[in-house]
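Chemist: Here it is, the structure, as structure tokens.
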Amino acid sequence: MGIEGNDWVLMKTARAPSNIAVIKYWGKRDENLILPINSSISVTLDYLFATTTVAVSPSFTSDRLWLNGKEVSMESKRYKNCLQQIRSRATDVVDEKTGLVVKKESWKDLYVHVASKNNFPTAAGLASSAAGFACLVYALAHLMGAKESYEGEFSTIARLGSGSACRSLYGGFVKWNMGKEDDGSDSIATQIVKKDHWKDLVIIIAVVSSRQKETSSTAGMQTSVKTSPLLQHRAQSVVPKRMVEMEEAIMKRDFATFAKLTCADSNQFHATCLDTSPPIFYMNDTSRRLIGLVEKWNASEGTPQAAYTFDAGPNAVLFAPDDKVARSLLQRILYLFPPASDADISRYVVGDQSIMELAGIKTIDDIEALPTPSEWSGIDIPRTKGELGYLICSRPGQGAIVLEDSAALLDDATGFPGQ
Ligand SMILES: Nc1ncnc2c1ncn2[C@@H]1O[C@H](COP(=O)(O)OP(=O)(O)OP(=O)(O)O)[C@@H](O)[C@H]1O
Ligand SMILES: C[C@@](O)(CCOP(=O)(O)OP(=O)(O)O)CC(=O)O
């Protein structure tokens, strides 16, 4: 790679996690700046990532994006806004390997190539847009030597890509403060606690469907803001109090309160969807059976063992306070939702394998031998094989990071996706 002329390519690769809200963001007060009508709180997920390579070269003739191997348009204002905001903060950059210098004023004349892939379903209610935009902003900022002028400034840029993306820059538990300013400068995400604060927490994602949902979050929340009286009540009177209680529960690792608030907030979010005209249904029968699994277990124990939350899709995110309870939770899920008889167990439960090991499950036969959970004894429950797609075992994860050049998704000589 020469540093003279047009034949150089400079690139950076980053990885950013997905996050799941336990106090939901639903509704904007400003569509363009993506300013929410209420604050929200999320857990950053381990094992669910977007990986993004961004490259510049004087030989590129337009901004281009390849998402999961396919070229998609970068014309939307969401991509343009993120790019423009990082470009405007670019500084002089010296490439350590080649000595190439890109001057601050040159960045505006250089087009970018972006290649990104998600290691989980895109646009299926697992916050791919959150991981994707956080990753894009983080990678661009590192490529262009952009610096934050105040803590959390990059989160305001990720927010321009997708609201929930502002929370994916940080690890552990993250709060997105709705802010008051019209320019969005105080609508920022901050970390509440690092991932190790509640490292015992286990998060199991039940992928009910990997299909793209019919109503995107963006469109769904627009209709809710226009038509749902319940959403107004939620934003003004319910969420402010819940934000305080949830933050306190997280600080104290108080699982009972955390579980109560998490389930209540998910249910209220889906109630606002039903209160929307025309109503929006994100959950399906399988989602509701997963709610039943948790509610019945919690009721039989008299205290919350597990919690559930659902974003804008049918997939469940379930929480257990520690490995021991997670083992019982996983056994219950597998009992009620056994895989298809010919399923490959190593593909049915992915992510953190330690929970499977604790549950003592290695084969389909082990699942078939699971005893009926006590709260279901004497009840004729349907156990349809293959009803669930697969499970992802996770824990609170870290925020966005820069990866080695070897992880690049673009060819370092051409700046195009490799063959
Ligand atoms: N890795 C990525 N890089 C850049 N953009 C991405 C990436 N992943 C997803 N996106 C963008 O986000 C869109 C999907 O967002 P959408 O809100 O519909 O789904 P989701 O984020 O998976 O679900 P939800 O936000 O409801 O949990 C994609 O069409 C694409 O524009
Ligand atoms: C249900 C949610 O996941 C909604 C996420 O909405 P998005 O952040 O995807 O929406 P846009 O800002 O329009 O891109 C709840 C949450 O993550 O807080």
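Values in this text are rule-based calculations from the coordinates and carry no lab data. Keep in mind the model is a prediction, meaning the values are calculated, not measured. Reconstructed Cβ throughout: ideal geometry from the backbone, glycine too, with neighbour counts over all protein chains shown.
Chemist: With unit charges on the beta carbon (Lys/Arg positive, Asp/Glu negative), name the residue among 264, 216, 306 whose Cα is farthest towards the positive pole of the charge dipole of region 202-394.
Modeler: The Cα lying farthest towards the positive end belongs to 216.
Chemist: Could you derive backbone 3J(HN,Hα) for region 355-369 from the dihedral phi with the Karplus parameters 6.51, -1.76 and 1.60 (θ = phi - 60°), listing whole Hz in sequence and x where the residue is Gly or Pro?
Modeler: So the Karplus estimates, Gly and Pro as x, are 5, 4, 4, 4, 6, x, 10, 10, 10, 4, 4, 4, 5, 5, 8 Hz.
Chemist: Are there any GluC sites (Glu not before Pro) in region 53-135 that are in a DSSP loop and have at most 13 other Cβ atoms within 10 Å? List them by number. Spell out each step's value before the answer.
Modeler: On the way: sites: 71, 75, 96, 105; in loops: 75, 96.
Answer in residue order: 75, 96.
Chemist: Over region 202-394, what is the relative contact order in whole percent, taking alpha-carbon pairs under 8 Å and six or more residues apart?
Modeler: On the way: 267 pairs, mean separation 60.2, N = 193.
This gives 31 percent for region 202-394.
Chemist: If you rank 238, 174 by fewest surrounding Cβ atoms within 10 Å, what's the result? Intermediate results must be reported in sequence, preceding the final value.
Modeler: Values: 238 16, 174 24.
Sorted ascending by nearby Cβ count, the order is 238, 174.
Chemist: For region 73-121 and region 349-419, compute the distance between their C-alpha centroids and round to whole Å.
Modeler: First find each Cα centre; the distance between them is then 33 Å.
Chemist: Bin by bin, in steps of 10 Å, what percent of the Cα pairs in the chain do you find, going until the bin that has the longest distance?
Modeler: Pair shares across the bins are 5, 22, 30, 24, 14, 5, 1, 0.
Chemist: I want to verify a result. In a Gaussian network model of the chain, Cα cutoff 10 Å, which of these has the top mean-square fluctuation: 231, 100, 33?
Modeler: Comparing 231, 100, 33 in the GNM, the peak value goes to 100.
Chemist: Right, here's the next one. State, as an integer percentage, the relative contact order of the chain based on alpha-carbon contacts under 8 Å between residues 6 or more apart.
Modeler: On the way: 915 pairs, mean separation 95.9, N = 419.
Rounded, it is 23 percent for the chain.
Chemist: Over 31 Å between Cα atoms, which of 12/260; 12/77; 77/226; 12/324; 195/226 qualify? Don't skip to the end; give the middle numbers.
Modeler: Details: 12/260 42 Å; 12/77 23 Å; 77/226 22 Å; 12/324 41 Å; 195/226 37 Å.
Exceeds cut-off: 12/260; 12/324; 195/226.
Chemist: Please compute the length gained on full extension between residue 72 and residue 385, using 0.36 nm multiplied by the number of residues separating them and subtracting their Cα-Cα distance.
Modeler: On the way: separation 313, 0.36 × 313 = 112.68 nm, distance 3.64 nm.
Net length gain for the segment: 109.0 nm.
Chemist: Further, regarding this structure: What range in the chain is the longest one free of trypsin sites (Lys or Arg not before Pro) that are in a loop by DSSP and have at most 16 other Cβ atoms within 10 angstrom? Present the calculation step by step, with values, prior to reporting the outcome.
Modeler: Numbers: sites that count: 97, 103, 147, 180, 194, 199, 211, 253, 362, 383, 385.
It runs 254-361.
Chemist: Can you list, largest first and rounded to whole Å, the semi-axes you get for region 202-394 by taking the square root of 5 times each eigenvalue of its Cα gyration tensor? Provide the component values of the computation, followed by the final result.
Modeler: Values: eigenvalues 182, 82, 43 Å².
With the √(5λ) rule applied to region 202-394, the semi-axes are 30, 20, 15 Å.
Chemist: I'd like to know which of 102, 130, 52 lies farthest towards the positive end of the charge dipole of region 15-131, counting +1 on Cβ of Lys and Arg and -1 on Cβ of Asp and Glu.
Modeler: 130
Chemist: Let me ask you something else. Please name which of 345, 69, 81 has its Cα lying farthest along the dipole of the chain towards the positive end, using unit charges on Cβ (Lys, Arg +1; Asp, Glu -1) and the Cα centre as origin.
Modeler: Result: 81, furthest along the dipole toward the positive end.
Chemist: So what is the 222 nm mean residue ellipticity for the chain from helices alone, if each DSSP H run of at least 4 adds -39500 (n - 2.57) and you divide by all residues, rounding to the nearest 500 deg cm²/dmol? Can you show the working numbers first?
Modeler: On the way: 12 runs with 131 residues, N = 419.
The per-residue figure over the chain is -9500 deg cm²/dmol.
Chemist: I would also like to ask the following. Cut-off is 10 Å between beta-carbons; in what order do 248, 387 appear when sorted fewest neighbours first?
Modeler: Working: 248 13, 387 17.
Exposure proxy ranking, most exposed first: 248, 387.
Chemist: Note down the nm distance, to one decimal, between modelled labels 7 Å out along Cα→Cβ at residue 101 and at residue 80.
Modeler: With each label point 7 Å from Cα toward Cβ, the separation is 3.4 nm.
Chemist: Using 0.36 nm per residue, how much length does the chain from residue 186 to residue 31 gain when fully extended, once their Cα-Cα distance is taken away? Walk me through the numbers before you get to the answer.
Modeler: Values: separation 155, 0.36 × 155 = 55.80 nm, distance 1.61 nm.
Net length gain for the segment: 54.2 nm.
Chemist: Using a/c under 1.5 as the rounded threshold, could you call region 17-66 rounded, prolate or oblate? The axes a ≥ b ≥ c are square roots of the C-alpha gyration tensor eigenvalues, and prolate needs a/b larger than b/c, oblate otherwise.
Modeler: On the way: a/c = 4.89, a/b = 1.61, b/c = 3.03.
Cα axes put region 17-66 in the oblate bin.
Chemist: Between residue 357 and residue 59, how many nm apart are label points set 7 Å from Cα along the C-beta direction?
Modeler: A separation of 4.7 nm, rounded to one decimal place.
Chemist: Just report the Cα centroid separation between region 310-328 and region 129-152, whole Å.
Modeler: 30
Chemist: Counting other Cβ atoms within 10 Å, which GluC sites (Glu not before Pro) in region 137-229 have at most 16 and lie in a DSSP loop?
Modeler: On the way: sites: 148, 151, 153, 181, 214; in loops: 148, 151, 181, 214.
Within region 137-229, the qualifying GluC sites (Glu not before Pro) (loop, at most 16 other Cβ atoms within 10 Å) are 148, 151, 181, 214.
Chemist: Give, in nm to one decimal, the length gained when the segment between residue 284 and residue 412 is fully stretched (0.36 nm per residue of separation minus the Cα-Cα distance). Kindly include the intermediate steps, with their values, before the conclusion.
Modeler: Details: separation 128, 0.36 × 128 = 46.08 nm, distance 4.47 nm.
Here the answer is 41.6 nm.
Chemist: Between residue 377 and residue 271, what's the calculated FRET efficiency when r is the beta-carbon distance and R0 is 35 Å? Round to 0.05.
Modeler: Values: r = 32 Å, r/R0 = 0.91.
With a Förster radius of 35 Å, E is 0.65.
Chemist: Further question on the same structure: Show me, for region 384-389, the HN-Hα J-couplings you get by feeding each phi into the Karplus relation (A = 6.51, B = -1.76, C = 1.60, θ = phi - 60°), rounded to Hz, glycine and proline as x.
Modeler: 3J(HN,Hα) across region 384-389, in whole Hz: 6, 5, x, 5, 8, x.
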